[in-house]
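Here the structure comes first, spelled out in structure tokens, and everything after it is commentary.
The values are calculated or read from the model by the stated rules, or taken from the named source; none is laboratory data. Bear in mind the structure is a predicted one, so any value in this text is a computation, not a measurement. Ideal geometry is used to build each Cβ from the backbone, glycine not excepted, and the neighbour counts take in all protein chains shown. Protein only, heavy atoms only, side chains kept; ligands, DNA and RNA dropped before computing areas. Shrake-Rupley method; radii C 1.70, N 1.55, O 1.52, S 1.80 Å.
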Amino acid sequence: MRRETLTRWLLAALLLLFILGPLFSNGIDLIVDWLWFKQEGFAVIYKTILQAQIRLSGYAGVGFMAVLAVNLWAAQALSRRNRMRVYDEVVELPVLGRVSSALRGAVWVGMLVVGYFVGQWAMSHWSDYLLATHAQATGTEDPLFAVAAVIACAISATFMYFIEGGVWITPRGATMVPAARSHLLVLGGLLFVLIAYRFKLAEYSLLFSPRGVLYGAGYTEVNASLPVINILIVLSLATTLAFLAGAFQGGRLRLAAWAVATLALVGFLGGSVYPELIQRFVVAPNEIDKEQPYIRSAIEFTRQAYALDRFEEREFSVGEDLTLADIKKNDATMRNIRLWDHKPLLTTFAQLQELRPYYDFEAVDNDRYWIHGTYRQVSLSPRELSSRNLPRSGWINEHLLYTHGYGLCMSPVNESTPDGLPAFFIKDIPPVSSVPIGVTRPEIYFGETANDYCFVHTHQQEFDYPAGDHDIYATYKGEGGLPLGGLLRRLLFALKFGEKNIFFSTDLGPDSRLMLYRQTRARVGRLLPFLVFDRDPYMVVRDDGSLVWMLDGYTTSEMYPYSEPFGEMGNYIRNSVKATVSAYDGHVRYYVSDPEDPLIQAWSRIFPGIFLPFDSMPKDLRAHVRYPEDFFSIQASMYAVFHMRDPRVFYNKEDLWRVANSNARGGESAMSPYYTIMKLAEVGKTEEFILMVPFTPARKDNMIAWMAARCDVPNYGRVLVFTFPKQKLVFGPQQLESRIDQDPAISQALTLWGQGGSSVIRGTLLVIPVNNSVLYIEPLYLAASAGGGLPQLKRVIVSYTDQVVMEPTFDDALARIFGGAVSTAAAAPTPPGGITPGAKSSAAPPADIQSLIKEAGQHYDRAQQLLRQGDWAGYGEEMKKLGEVLNKLAAQQK
């Protein structure tokens, strides 16, 4: 008796440890997240999701345990009332008698444990639950939980009968009391009712069948699988009746066994063999005729699911009559040709502007700004703090002292210095601007880099930025983060991060604030876990000089009928949300960019007040929204196939496209979409910011079409596809790259530059439509082959019609092709030294003085770069050149 009591207490203790251990850890996280959601103004999201999880966990977990408990009690009662008396030929199990009490307790403990896991499983489906309870039209859930519950009831009841004496083991096998058999037969009947219901739901799953030519129900599914499913529903209900009849006849099993065998046989033959025979001997010989209506449905629904039905399709009447006057007329397009690829520019930014080892440029993004009244495309990269590269690790350095990045680099996409380095609009620490874009709040507490939590407004001043041989320190003045408060919150945060210093440090005070979830993409995703966010956040400099991150959010689904899936994303996607995150405070706002999306409509009803109208976005941010590259790439891949609307053409793949391939990076791969500023032929009246990509036929390299997404309000979101006449040959990117490789002069130069410790980096070949013609532009960079090589823009290749030229500058290449002087330079910027952040720019100096000032700045930048590399000889040479330029400048000013 004492042993049994000890066993029970041990089982109870293990159960409590199993449940309460995770509950304590999860409880700490829940409390901290509640404080954070509330501080950020999103408490309604937290409460709604938590309430849904509690309901589901309660419904599923408690319901599961209740159903099992009723069956266990029934099994226990029936066993004791109808215990079988067998006197001969009984296989004795003496151990069972000694441990029966422990086994009985194990069954009940197992019920609790399984119920706990069922509740956890149900909690993970909170988003389905919320959508189902708030959608205008809801589907029916698969009763997997109910089927599992009935099976668990049968297994646990059988085990309980075995313990309580309802089942005996004899040499002839197991023997069960009639009441036990009747009980299990009733459960079996209930199971087959649920199986019939699952067969009914299987009818809808045919809409997502991958068997036919396209995704969705085809001829075989509609004319073979569907009738078989209806038969299986009837047989499942008949099997239920057979089980119940056996239960009322004292537990007879023969009729139930025959019913199950019949159902299994029909299920095998009708579910696998019959549809395969129909597919092979009826559909395959006449596939196009049999599948045509279903192909039409698949095309229609896939175009709707990926918003391809919104595209505007036009013919591009390509010509070869582009003149010098046309080039000058399209000067806004010419001055915004992207000559700096992201990868070489990121390397150059890192070597010239990281300035300290603990700063990092995570990525380069393209955007546009009005500068001196001119629409300019720029490359921009924030200078973020990389805590893993701090000069000395430690809790104070990582969480109190080094807390933020500082400023950014901005350069025009089409300009370079005489040395082939990027020309900067904004650079250095503190930020120095040569254009009327001031950065007044350069601190970056929230960014793309995955830095850990930090505390601000502490007794320890934060490192702000380096200044020569000393450092500048500052104190946070914003409202971001969680207030630390008193000892209770200190203890809570210490337990959350497992760090005792949070509780004991004297550098922290009641006014200190905890910054957490500082990675931008993770931050917006934690607040709205039901959306998928773009992998490429980008930074915007607002009119007041503050820095804001912008991200694109997507609603996705894998349950859109007849729609072809795209990888693991599902088969439905909309760019429904634009998110903004303050780099200083971390404040997040969500704006609805596609109000027609039914999913975002449902989420807006679930979380009222969270999603703001797109028109309510501040004007200076709305001017920088971009059509997202990830979404555009998915649409381009799907459109390459689903632009074919005729079922016969689609079936034969007569007009199959692909995104154009390129060999510029050393291997054949699909081109990435690229942003540019240009005037859309026959559509746009002025130049605008677009995202574009070219297409080629699936098995050829000539260009067949190009696709452009408009980014500027009020035309944001409109996508156009321009198709070339099929009787006209238009070179594709790979064909142009082959022509470049075959040009004797260019090939010889590339071979020469690739020797002697240098490497040639070929940039992205850009396809730029101008009027009714097409220009091809490819930049070339040189860098030292050894580690740390600095990419420099050295040549630009331009092709038009049958001409391919390579010159030091884009202007030179245009002049050589079109036979006249061309200048793509924009209005003159203010001199180096820039404007004070927030101040207005002054008039530009005379052209000759301006040129000398620019040259002086270039020599100084180059000298500093060589100094950081330890090249003292090069540093001395650049300083000598700087002195010569300064002497000329002094002579000009006399």
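Scanning the range 641-668 for residues that are closer than 16 Å to Val719 by Cα and open to solvent by less than 20 Å² (accessible area, probe 1.4 Å) yields a total of 1. No other residue among Gly717, Gly684 is farther than 26 Å from Ile573 by Cα and part of a loop (DSSP other than H, G, I, E, B) apart from Gly684.
Condition first: of a type in the set (A, V, I, L, M), under 21 Å from Pro565 (Cβ atoms) and not in a helix (DSSP H, G or I). Now tell me which residues in the range 609-649 satisfy that.
Met644
Restricting the search to the range 603-640, which residues are open to solvent by 20 Å² or more (accessible area, probe 1.4 Å) and without any contact (Cβ under 8 Å) to a residue 40 or more places away in the chain? Ser604, Phe611, Leu612, Pro613, Phe614, Asp615, Ser616, Lys619 - these are the residues of the range 603-640 that are open to solvent by 20 Å² or more (accessible area, probe 1.4 Å) and without any contact (Cβ under 8 Å) to a residue 40 or more places away in the chain.
I'd like to verify a number: residues in the range 197-227 that are of a type outside the set (D, E, K, R), part of a helix (DSSP H, G or I) and surrounded by fewer than 19 Cβ atoms within 10 Å (Cβ to Cβ), how many?
The total comes to 12.
Once the range 549-560 is narrowed to residues that are in a loop (DSSP other than H, G, I, E, B) and not aromatic (Phe, Trp, Tyr), the residue that is nearest to the chain's Cα centre (by Cα) is Glu558.
Scanning the range 539-588 for residues that are in contact with a Lys or Arg (Cβ under 7 Å, 6 or more places away or on another chain) and among the aromatic types (Phe, Trp, Tyr) gives Tyr554, Tyr584.
Given the residues Pro422, Pro436, which is the only one that is more than 32 Å from the chain's Cα centre (by Cα) and either in contact (Cβ under 8 Å) with a residue 24 or more places away in the chain or more than 17 Å from Pro344 (Cα to Cα) (or both)?
One residue alone meets the criteria, Pro436.
Restricting the range 720-762 to residues that are in a strand (DSSP E or B) and of a type outside the set (S, T, N, Q) leaves a set whose member that is nearest to Phe316 (Cα to Cα) is Phe722. Hey, does the range 776-784 have a residue that's in a loop (DSSP other than H, G, I, E, B) and surrounded by fewer than 22 Cβ atoms within 10 Å (Cβ to Cβ)? Taking every residue of the range 776-784 in turn, none turns out to be in a loop (DSSP other than H, G, I, E, B) and surrounded by fewer than 22 Cβ atoms within 10 Å (Cβ to Cβ).
Take Arg303 and tell me if it is out of contact with any strand residue (DSSP E or B) (no Cβ under 8 Å at 6 or more places or on another chain), part of a helix (DSSP H, G or I) and either open to solvent by 30 Å² or more (accessible area, probe 1.4 Å) or not small (Gly, Ala, Ser) (or both). Criteria met by Arg303.
For the range 235-249, the criterion of being in contact (Cβ under 8 Å) with a residue 24 or more places away in the chain, touching a helix residue (DSSP H, G or I) at 6+ places or on another chain (Cβ under 7 Å) and more than 30 Å from Ala179 (Cβ to Cβ) is satisfied by no residue at all.
Within the range 670-698, how many residues turn out to be among the hydroxyl-bearing types (Ser, Thr, Tyr) and within 22 Å of Ser379 (Cβ to Cβ)?
4
If you go through the range 366-387 and keep only what is open to solvent by less than 10 Å² (accessible area, probe 1.4 Å) and of a type in the set (Ser, Thr, Tyr), you end up with Ser379, Ser381, Ser386.
Counting just the residues of the range 683-732 that are of a type in the set (Val, Ile, Thr) and open to solvent by 20 Å² or more (accessible area, probe 1.4 Å), which one comes out nearest to Arg368 (Cα to Cα)? Filtering first and then ranking leaves Val713.
In the range 247-300, the residue that is nearest to Ile233 (Cα to Cα) out of those that are among the acidic types (Asp, Glu) and open to solvent by less than 80 Å² (accessible area, probe 1.4 Å) is Glu276. Take Glu221 and tell me if it is within 29 Å of Phe695 (Cα to Cα), under 41 Å from the mean Cα position of the chain (by Cα) and of a type in the set (D, E, K, R). Answer is no for this residue.
Applying the criterion of being without any contact (Cβ under 8 Å) to a residue 60 or more places away in the chain and in a loop (DSSP other than H, G, I, E, B) to the residues of the range 378-403, the residue that is nearest to Trp549 (Cα to Cα) is Leu390.
Of the listed requirements (1) out of contact with any helix residue (DSSP H, G or I) (no Cβ under 8 Å at 6 or more places or on another chain); (2) surrounded by 21 or more Cβ atoms within 10 Å (Cβ to Cβ); (3) modelled with pLDDT of 95 or more, Asp552 misses just one: (1).
Pairs linking a residue in the range 280-305 that is more than 30 Å from Asp597 (Cβ to Cβ) to a residue that is of a type in the set (Phe, Trp, Tyr), with Cβ atoms under 7 Å and 6 or more positions apart or on different chains, are Val283/Tyr219; Ile288/Tyr651; Lys290/Tyr219; Glu291/Tyr219.
Note on the range 713-738: residues that are touching a residue at least 40 places away in the same chain (Cβ under 8 Å) and among the basic types (Lys, Arg) amount to 2. Taken over the range 561-602, the criterion of being assigned to a helix (DSSP H, G or I) and open to solvent by less than 20 Å² (accessible area, probe 1.4 Å) is satisfied by Ile600, Ala602.
Table: residues versus (1) under 22 Å from Leu30 (Cα atoms); (2) in contact with a strand residue (DSSP E or B) (Cβ under 9 Å, 6 or more places away or on another chain).
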{"residue": "Pro436", "(1), (2)": "no, yes"}
{"residue": "Phe455", "(1), (2)": "yes, yes"}
{"residue": "Pro466", "(1), (2)": "no, yes"}
{"residue": "Tyr473", "(1), (2)": "no, yes"}
{"residue": "Pro483", "(1), (2)": "yes, yes"}
{"residue": "Leu487", "(1), (2)": "yes, no"}
{"residue": "Leu492", "(1), (2)": "yes, no"}
{"residue": "Lys500", "(1), (2)": "yes, no"}
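Only residues that are in a helix (DSSP H, G or I) and more than 14 Å from Val822 (Cα to Cα) were counted across the range 308-342, and they come to 4. Considering only the range 655-674, state which residues are closer than 25 Å to Ile740 by Cα, modelled with pLDDT of 90 or more and touching a helix residue (DSSP H, G or I) at 6+ places or on another chain (Cβ under 8 Å). Those that are closer than 25 Å to Ile740 by Cα, modelled with pLDDT of 90 or more and touching a helix residue (DSSP H, G or I) at 6+ places or on another chain (Cβ under 8 Å): Trp657, Arg658, Val659, Ala660, Asn661, Met671, Ser672, Pro673.
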